[in-house]
Amino acid sequence: MTVVLGPCTKLAGALLKMPWVRGQELLLVGLDGTEKEKLKKEYPEAAVFALDKMGDYAPEKKYKFVNICCCALGMIHPRPIDWETDLKEAKRDLAVLDKLLQSYSHARVHVIFVCSVLALSVNSRGRTGYYAGWKHILSKVLQSKVESIPESRFSVLYPGRLTKKRSIFNPVSLLYSSYPSVAKKLARIIISGESRRRIIGYDARIWLMLRGVATGMSAMRF
């Protein structure tokens, strides 16, 4: 069984188009009723729920292995700070994860969180720093929840900027990762069943290196 949170994101769309998915039983958790109806039309063979109806979810206990792919959890992109909304969304999404972990307590669960490389350096300013902080906190909360369950596993992908298509006509895009390439890495982790932590993309590695240099230089200032 594979569960996808954030199934309407571009990354999830790329994952769900892969041939590997054809042999999987899927549970897609949409944001609301509108997303649920859209998903039911696009993926008629999948089970579909909306976030606010997950309290009614009661799976069969036939699954021995369950993958939970968090393609969206909490805020997806940097945006103006709105503490009440941001906290509400994070609590909502974590409550759904708690429900899933409870529902599949009989199985070996593997949670894979597609985070952001920004979470590895929370010293950025403004919206970016706030977003990075949220992603870092969510990653640690997820890890704590999963590691409290025997035999469960936790993986994190830290991509840089994602793009639909890379092109030599837009040279900087060659540093980015495409949605299909990240989806392939996500699928490999699911298939292998092994915990992984991966930084993805040339831009992510370059950015992280530069942030490390900047932090070091800042620490040496008097």
Exercise for the section: Highest first, please rank the peptides 10-18, 88-96, 140-148 by the mean number of other Cβ atoms sitting within 10 Å of their residues. Expected result: 10-18, 88-96, 140-148
Completion exercise
Of every hundred units of 1.4 Å-probe accessible area on the chain, the number belonging to carbon and sulfur atoms, as a percent, is 55 percent
Completion exercise
For Lys62, the aspartates and glutamates lying under 15 Å Cα to Cα, once residues fewer than eight places off in the same chain are dropped, come out as Glu25
Completion exercise
Taking 0.36 nm per residue of separation between Arg127 and Asp52 and subtracting their Cα-Cα distance, the length gained on full extension comes to 24.2 nm
Handout entry: Point-to-point label distance, Ala95-Glu151, nm (Cα→Cβ direction, 7 Å offset)
Key = 3.0 nm
Problem - Accessible area (Å², 1.4 Å probe, nearest 10) - Arg79 - result: 70 Å²
Handout entry: Net charge of neighbours whose Cβ lies under 10 Å from the Cβ of Glu194, counting Lys and Arg as +1 and Asp and Glu as -1
Key = +3
Problem - Residue-level accessible surface for Glu42, protein heavy atoms, 1.4 Å, Å² - result: 90 Å²
Exercise for the section: Give me the accessible area per residue for the chain, probe 1.4 Å, as a whole number in Å². Expected result: 56 Å²
Problem - Where Thr85, Thr2 fall by accessible area, highest first, once all protein chains stay in place (1.4 Å) - result: Thr85, Thr2
Practice task
Report, in debye and to the nearest 20, how large the dipole of the chain comes out about its Cα centre when Lys and Arg carry +1 and Asp and Glu carry -1 on their Cβ.
Solution key: 820 debye
Handout entry: Of Leu100, Trp134, Ala46, farthest towards positive along the dipole that unit charges on Lys, Arg, Asp, Glu beta carbons give the chain
Key = Trp134
Fill in the blank from the handout: Here the membrane-span-like helices of the chain, with no claim about any membrane, defined by DSSP H, Cα axial extent at least 18 Å and mean Kyte-Doolittle at least 0.5, are 179-192
Problem - Point-to-point label distance, Asp82-Tyr63, nm (Cα→Cβ direction, 7 Å offset) - result: 3.1 nm
Problem - Separation in nanometres of the label points that stand 7 Å from Cα toward Cβ, at Ser192 and Arg161 - result: 2.8 nm
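The values are calculated or read from the model by the stated rules, or taken from the named source; none is laboratory data. Just so you know, these numbers come straight off a predicted model, no measurement behind them. Cβ sites come from the backbone with ideal geometry, for glycine too, and all protein chains shown count toward neighbours. Heavy atoms of the whole protein, side chains included, go into the accessibility calculation; ligands, DNA and RNA do not. Shrake-Rupley method; radii C 1.70, N 1.55, O 1.52, S 1.80 Å.
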